[in-house]
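Accompanying notes for the structure given below.
The values are calculated or read from the model by the stated rules, or taken from the named source; none is laboratory data. Note that the coordinates shown come from a computational prediction; the quantities given were computed from them, not determined experimentally. Reconstructed Cβ throughout: ideal geometry from the backbone, glycine too, with neighbour counts over all protein chains shown. Note: areas computed on protein heavy atoms with side chains; ligands, DNA, RNA excluded. Shrake-Rupley method; radii C 1.70, N 1.55, O 1.52, S 1.80 Å.
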Amino acid sequence: MAMDEVFENLRKLQDILSEKITLEQDIQEIPKLLVTQEELLARLKKSFIEKNQDYEKAKVAENEFRNLLINAESEREKAEKNMDVINTQREYEALDKEIHDSAEKEQQYRKDLQREERLLADLDEQMKQSTALIEQQEAELAERRSGIEVEISEKKARIEELAKEEEALNPDLDSEVHFKFERIIRNKMGQGIVAIRGGVCMGCHMILPAQFANTVRQGEEIVFCPYCSRVLFYEEAEQGEEEFFDNDDSGSLADLDDMEEDDYDEDEEEEEKVGSDFED
Ligand SMILES: [Zn+2]
């Protein structure tokens, strides 16, 4: 096959592989878009659990204060009843102090109880809001996940199409070249075949040895840049650059031209001979 065709196939392969690699990267990256949302959801759930723990604690405290209040109440009531059966001033004073103390405790416990009740109501409200937010986030996340699944399966379908296109090129490509070329494209961000112009690789801009430039120009085999590993094809240099190219190895280039002409001439001569033989 002519080198031009090989290069053309490599360019087709380059397009296919570039698209395939981009799609593969997308498939890897897309789920990462959900990470922020997943983290938010995890934080919401953690905060809900903490609030729930606070709620349980407040519930215990509320119970304790309620019992303490009931006890203080019954102690005060008992002391008030005993007021009816006392005989001395001393007994009166003791009971009066008891009633007073119990009433003070009652007041304190009532305040504590109310505080816990308010806390419970507050936590209950917060937990309801958290639950609503969690549900909303879960729904959004589920929706985005299924959207992403669709997107990924579309990209996978496209990759399969590309694989078929890639396969269709295979009969015209050496499998080792194909393998190497794919590796170059993966490493060089999509550019696997570049021109050599004025003895310089247009991929890595390194000046290549003259023999390389010549081999590329001859177009008889696939040549990989020794610096960046890209496939090289020959492109006519602009004036000035050409001089640099020719100066390096003009002798061998001239030899090559002569050889080609010689071959061509011989073929022609043979054909002429055959022609004349036939006529005879
Ligand atoms: Zn290079």
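Can you list the lysines whose alpha carbon is less than 29 Å from that of residue 57, not counting same-chain residues fewer than 8 positions off? Straight-line reach from residue 57, under 29 Å: 45, 46, 105, 111, 128.
Can you give the Rg to Rh ratio of the stretch 61-195, both from alpha-carbon atoms, with Rh computed by the Kirkwood formula?
Working: Rg = 40.5 Å, Rh = 23.3 Å.
Rounded to two decimals, Rg over Rh is 1.74.
Ordered by 1.4 Å accessible area with all protein chains kept, 206, 189, 83, 3 run largest first as 189, 206, 83, 3. Summing Lys and Arg as +1 and Asp and Glu as -1 over all other residues whose Cβ lies under 9 Å from the Cβ of residue 224 gives a net charge of +2. Residues whose amide H comes within less than 5 Å of that of residue 223, counting only those at least five positions distant or on another chain, are 232 (H built at 1.01 Å from N in the peptide plane).
Once backbone amide H atoms are built at 1.01 Å from N, residue 197 has 202 as its partners under 5 Å, excluding neighbours fewer than 5 places away on the same chain. Accessible surface for residue 11 stands near 80 Å², nearest 10, in the context of the full protein assembly shown (1.4 Å probe). Note on residue 86 and residue 129: the model spin-label points, each 7 Å out from Cα along the C-beta direction, lie 5.1 nm apart. Across the alpha-carbon set of the stretch 1-99, the Rg to Rh ratio works out to 1.86, Rh being the Kirkwood radius. In this simple spin-label model, placing a label point 7 Å from the Cα along the Cα-to-Cβ direction at both residue 138 and residue 163 gives a separation of 3.6 nm. Computed from backbone phi, the HN-Hα couplings of the stretch 28-42 come to 6, 7, 3, x, 5, 4, 7, 4, 4, 5, 5, 5, 4, 4, 4 Hz, rounded to whole numbers (Karplus: 6.51 cos²θ - 1.76 cosθ + 1.60, θ = phi - 60°; Gly and Pro given as x).
Between residue 74 and residue 211, the modelled label-to-label distance comes to 10.8 nm, taking each label 7 Å out from Cα in the direction of the beta carbon.
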